[in-house]
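Report on the structure given below.
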Amino acid sequence: MATFDSGGVQIHYEVFGDEKLRPILLVHGFASSLDGNWVRPGWVDTLLPLRQVIAIDCRGHGESEKPYNPEAYGDNVPKDVIRLMDHLDIEKADLFGYSMGGRISTRLMTTHPERFRSVVLGGIGNRLATRRGGRPHLAEAMLADDKSQVEDRIAKGFRIFAEATGADLKALAASTRGSWTPLSAEDLAKVDMPVLIVVGENDNLVGSADDLQASIPGAELLTVPDKDHLTVVPDQRFKDAVVRFLQERSPA
């Protein structure tokens, strides 16, 4: 199992495919993992003909270390991706983040634009992209004695998902309490690289993908009919759009 030290936290990652191909970094969603978000839904197999695929388990998730201190999260999470690139001597890569990973990716494409050729943002809208603080109701849901005690519908859904994935609920609660540096419209307006945004038509968790698209110069948007935040992940239309985007907007 491949790991590296990122500011005192052990981070797990996996490398798939031909090292002669250009790399793409994959960053998963909340309460998921590189295996749950990318391997089992078929994303790694989809991307291997085009790229060397590098997937990270975000701190607090998967096989990475799981701090219980909220200060270990927030702005430290995007730094793990840059440190992984440095660890692997990757100067520049494509970037693909889903949900929480999309939020991480919006930070990276504004704070380290020189490190990325293109960015795919999945399961994200303007609310998720620009949120500053944590989500107290989500932390409370993770720490409730039983999921039946959680009244907030969205938080309860994430608690059910976290239990299904075998996640560390206390670490997830800490991760939701981490503080992020605000991302402004001015930051997004400066983005100068190809960007693709993909959301499910019935995704009501992340805010407006249309508004996010409008704030990023030249960004493309695909809304997948009849899919929500979870069911869009393995959808073939999503995969076809990402393959086309990489071939046309970030050719090898």
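The values are calculated or read from the model by the stated rules, or taken from the named source; none is laboratory data. Please read these numbers as outputs of a predicted model, since none were measured by experiment. Ideal geometry is used to build each Cβ from the backbone, glycine not excepted, and the neighbour counts take in all protein chains shown.
Structure values in brief
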quantity	calculated
Within the stretch 167-194, considering residues that are among the small types (Gly, Ala, Ser) and more than 18 Å from the chain's Cα centre (by Cα), the one farthest from PRO217 (Cα to Cα)	SER184
Selected residue (only one of VAL150, VAL224, VAL195 is in contact with a helix residue (DSSP H, G or I) (Cβ under 8 Å, 6 or more places away or on another chain) and in contact (Cβ under 8 Å) with a residue 60 or more places away in the chain)	VAL195
Sole residue being assigned by TED's automatic domain parsing to the domain that holds GLY123, surrounded by 24 or more Cβ atoms within 10 Å (Cβ to Cβ) and of a type in the set (Gly, Ala, Ser), chosen from GLY42, GLY29	GLY29
Hits in the stretch 45-60 - residues which are buried (at least 17 other Cβ atoms within 10 Å of the Cβ), under 16 Å from ASP94 (Cβ atoms) and out of contact with any Lys or Arg (no Cβ under 9 Å at 6 or more places or on another chain)	VAL53, ILE54, ALA55, ILE56
Search result, residues across the stretch 12-61 that are part of a loop (DSSP other than H, G, I, E, B), under 18 Å from the mean Cα position of the chain (by Cα) and free of Cβ contacts under 8 Å to residues at least 24 places away in the same chain	ARG40
One residue from LEU50, LEU84 being closer than 25 Å to ARG244 by Cβ, touching a strand residue (DSSP E or B) at 6+ places or on another chain (Cβ under 9 Å) and not basic (Lys, Arg)	LEU50
Selected residue (criterion: nearest to TRP43 (Cα to Cα)) from residues of the stretch 109-134 that are in contact with a Phe, Trp or Tyr (Cβ under 9 Å, 6 or more places away or on another chain) and surrounded by fewer than 23 Cβ atoms within 10 Å (Cβ to Cβ)	SER118
ALA214 being over 16 Å from the mean Cα position of the chain (by Cα), hydrophobic (A, V, I, L, M, F, W, C) and under 23 Å from VAL53 (Cβ atoms)	no
Residue that is in contact (Cβ under 8 Å) with a residue 24 or more places away in the chain and buried (at least 17 other Cβ atoms within 10 Å of the Cβ), where the choices are ALA189, ALA185, ALA155, ALA241	ALA241
Residue match in the stretch 54-76 (condition: in contact with a strand residue (DSSP E or B) (Cβ under 8 Å, 6 or more places away or on another chain), more than 19 Å from GLY97 (Cβ to Cβ) and either modelled with pLDDT under 95 or not acidic (Asp, Glu) (or both))	yes
